[in-house]
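What follows draws every value from the coordinates through simple rules; no lab data is involved. Keep in mind that what you see is a predicted model, and the values were worked out from it rather than measured. All Cβ positions, even for glycine, are placed from backbone atoms using ideal geometry, and neighbour counts span all protein chains on display.
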Amino acid sequence: MHAAKLAYTVNFAKFSIFSVLIKIANSHLYAHPLPENHRFPMEKYELVPQQLLYEGTISEANLFAPQKMEDDVILLTHSTDYLQRLRNAEMSRAEMRRIGFQFSPQLIERELIIMFGTVQAALFALENEIAFNIAGGTHHAFYNKG
């Protein structure tokens with residue numbers, strides 16, 4: 001047990017040395033309001049970056065606020081019909097139940113920002129070997145459904 005803890009400390013120290021190169025996508029929109037007693041721990045999107053900043057693992061310079069994903073990029077993965085139905089709030093109750101969150105325009109904005117945060121983090125990782133997105137994706141969506 002002691003050896004495992006030591007290895008973690010060594011790896012953590014190495015991580016800290018390179019933390020100036022790490023870019024982390026984060027947005028205040030990641031913590032989307034949910035009904036009371038919802039099973040999804042949405043507060044983690046605020047708590048994780050706060051903890052990393054508090055313990056000195058990262059600084060504010062490591063964080064970046066992603067923009068919304070553009071439609072032409074979304075349409076590389078999702079159907080035009082699905083995207084239009086999301087944007088026009090035309091999802092059925094069953095479809096929204098499958099997604100797990102109640103529909104709102106803010107939810108769609110959140111998801112578009114999360115998606116582009118992942119793309120931007122991947123591009124930063126290609127340049128600097130490491131990057132993260134605090135909210136790497138809420139659900140596994142399909143071509144034509146959530």
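Tabulated results
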{"quantity": "Modelled FRET efficiency - R0 22 Å, L76 with Q106, Cβ distances, 0.05 increments", "calculated": "0.35"}
{"quantity": "Rough spin-label spacing in nm, given labels placed 7 Å along Cα→Cβ, for Q51 and H38", "calculated": "2.1"}
{"quantity": "Residues with amide H under 5 Å from that of N133, placed H, sequence gap 5 or more", "calculated": "A25"}
{"quantity": "Under 12 Å from the Cα of K68 - aspartates and glutamates, other chains or at least 8 residues apart", "calculated": "E109, E111"}
